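Only one structure is covered here, and it is reproduced in the block below.
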């Protein structure tokens with residue numbers, strides 16, 4: 001196994017990754033010699049390709065003379081060889097214009113973010129709505145459904161609405177429902193679940209019943225990092241050659257977009273470390289995505305209100321392109337949310 005790569009081996013590996021991303025077919029020494037200015041013969045390139053394969057950076061499928069990068073090869077490329085380019089200025093202006101043409105609504109921005117990420121990267125996209133570290137309550141509504149059944153609706157300061165059915169032991173008139181909702185809103189506005197518990201210990205009757213439900217809902221929300229999820233671009237994935245005849249790989253993409261437990265793990269990792277997180281083949285930590293790659297970034301207002309956005313695709317994705325798009329979009333959304341909600 002190679003411990004370190006020579007300058008020539010780095011050039012060969014970098015060229016193979018670039019060519020394979022574009023062509024999606026095994027790369028031969030002849031293709032490298034003709035299309036890349038490596039300054040050495042095909043025989044020398046073949047020798048370096050053999051050394052890279054022995055080191056675990058390349059492999060060759062079936063009997064093909066060409067090589068393709070392995071997970072280890074992609075990871076080395078991302079960590080050591082990738083060029084971190086800015087998104088072209090013209091494209092930045094076009095994307096920014098799209099956002100300023102939409103209404104000043106977070107939901108619209110999140111949907112547009114998912115669409116732009118998917119289109120610009122030609123991968124699938126994943127965007128989670130921003131949420132504070134702990135849910136904070138904004139208002140309470142209690143709506144009558146039947147004589148002894150009401151819906152308790154909680155509005156959170158991050159903009160999320162959630163509701164739960166409450167069965168009452170006896171009918172309650174609407175005036176009392178509205179009065180209770182106003183009193184609890186005044187009592188709880190701006191509080192998290194811990195503070196709500198402290199100020200609600202002496203509540204009785206309907207207020208106590210609503211308090212129990214509110215605490216259960218907010219504790220459940222605090223455990224869920226992913227909040228609302230916006231997705232786009234699955235058709236982009238279906239057009240990639242990796243996914244046309246490999247059902248297991250496609251299932252991994254769908255799992256990365258849909259499985260809440262996995263999404264929460266990925267989000268937790270991004271929020272903890274910050275910056276751009278590039279996960280190649282699961283990194284040995286997530287077997288559920290061992291054959292795909294994910295590029296994610298945190299966005300939001302400091303530590304007060306944060307979400308995660310990024311793209312999901314094959315390991316043969318254009319990492320430079322994906323990183324530049326995700327990085328720009330995370331900065332743009334952070335600025336928009338700061339303007340909308342304030343610092």
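The values are calculated or read from the model by the stated rules, or taken from the named source; none is laboratory data. The model shown is predicted, which means the values in this text are computed figures rather than measured ones. Virtual Cβ from ideal backbone geometry, glycine too; neighbours counted across all protein chains shown.
Before moving on, here are some points about what is shown:
- For the range 184-223, taking the residues that are closer than 30 Å to residue 255 by Cβ and touching a helix residue (DSSP H, G or I) at 6+ places or on another chain (Cβ under 7 Å), the one that is modelled with the lowest pLDDT is identified as 222.
- Selected residue [in contact (Cβ under 8 Å) with a residue 60 or more places away in the chain, surrounded by 16 or more Cβ atoms within 10 Å (Cβ to Cβ), part of a helix (DSSP H, G or I) and out of contact with any strand residue (DSSP E or B) (no Cβ under 8 Å at 6 or more places or on another chain)] from 21, 78, 31: 21
- Output for the range 127-136, where each listed residue is surrounded by 18 or more Cβ atoms within 10 Å (Cβ to Cβ) and out of contact with any strand residue (DSSP E or B) (no Cβ under 6 Å at 6 or more places or on another chain): 131, 136
- Selection count, the range 108-131, where residues are part of a helix (DSSP H, G or I) and touching a residue at least 24 places away in the same chain (Cβ under 8 Å): 12
- Breaking point among (1) part of a helix (DSSP H, G or I); (2) more than 27 Å from residue 240 (Cα to Cα), for residue 5: (1)
- Residue list for the range 139-166, restricted to those being crowded, with 17+ Cβ neighbours inside 10 Å and in contact (Cβ under 8 Å) with a residue 40 or more places away in the chain: 139, 140, 141, 142, 152, 154, 156, 158, 159, 166
- Hey, residue 257 in the same structural domain as residue 127 (by TED's automatic domain parsing), closer than 30 Å to residue 163 by Cα and buried (at least 18 other Cβ atoms within 10 Å of the Cβ) or not: yes
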